[in-house]
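Remarks on the structure that follows.
The values are calculated or read from the model by the stated rules, or taken from the named source; none is laboratory data. In this text, all values refer to a predicted model and were calculated from it rather than measured experimentally. Cβ placement follows ideal geometry from the backbone for every residue including glycine, while neighbour counts extend to all protein chains displayed.
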């Protein structure tokens with residue numbers, strides 16, 4: 001199965017960021033404001049294209065979720081890219097709204113697919129547990145938790161969930177989609193400003209996975225549940241009534257990882273296979 005651009009087209013990679021507060025997520029919707037909708041409209045306008053363009057993204061974020069290191073690609077007519085490509089980033093800066101920015105634009109290497117070539121995505125979830133609340137200047141990016149949380153306890157709980165598992169207990173299921181994922185990193189740190197920040201890195205994520213994981217670990221952090229509770233929920237493979245999917249505004253997609261250029265095509269094909277647990 002080839003994923004090469006059509007003849008006469010060039011695949012272009014875009015590195016971007018956005019504040020998700022006023023977006024109904026990434027994916028284009030007919031009557032709602034989305035990141036994909038804004039970007040596709042801006043690209044078509046500044047390049048004066050007669051037909052709509054379609055972006056493919058590394059990770060579709062939900063309404064209210066932010067991104068600092070999102071990656072997307074778009075296939076453009078080769079003659080348009082040759083004539084206008086160097087000007088595209090500057091023109092997008094003048095056309096896009098304040099809450100989405102494109103930082104890098106360039107021709108993608110052979111075999112690149114923003115979604116299927118990725119080998120991991122890294123998110124951060126920021127929590128403030130100061131009894132007075134969250135700094136008003138950070139309120140759009142930090143969840144306030146009204147009890148103090150123990151970062152060491154949450155790290156102990158997190159370590160029990162690393163590796164490849166069926167994360168059905170932490171995902172909103174979709175018909176025909178697998179919930180098997182490899183959790184590569186999950187740890188908490190206390191920042192100098194006093195925030196508790198979770199770093200969550202996996203080969204891919206299913207819907208609501210990060211926010212549900214954070215919800216389970218906060219129950220450990222504030223003493224409501226034992227250290228092994230999140231892992232027990234994971235092993236059960238069904239949603240647990242005590243686990244809340246925390247609010248989206250504390251979540252930011254920080255970075256997407258890709259293999260070396262000569263491995264992009266192979267990863268692109270491998271990632272399309274439906275996964276099963278190897279045990």
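Among all positions in region 28-51, there is no residue which is at pLDDT 95 or above and assigned to a strand (DSSP E or B). Among the residues of region 141-168, the ones that are out of contact with any strand residue (DSSP E or B) (no Cβ under 8 Å at 6 or more places or on another chain) and either more than 17 Å from residue 245 (Cα to Cα) or part of a loop (DSSP other than H, G, I, E, B) (or both) come to 9 in all. When the criteria are applied in full, residue 147 fails the requirement of being crowded, with 20+ Cβ neighbours inside 10 Å and at negative phi. Among all residues of region 27-47, there is at least one that is over 22 Å from the mean Cα position of the chain (by Cα), in contact (Cβ under 8 Å) with a residue 12 or more places away in the chain, surrounded by fewer than 17 Cβ atoms within 10 Å (Cβ to Cβ) and not assigned by TED's automatic domain parsing to the domain that holds residue 141.
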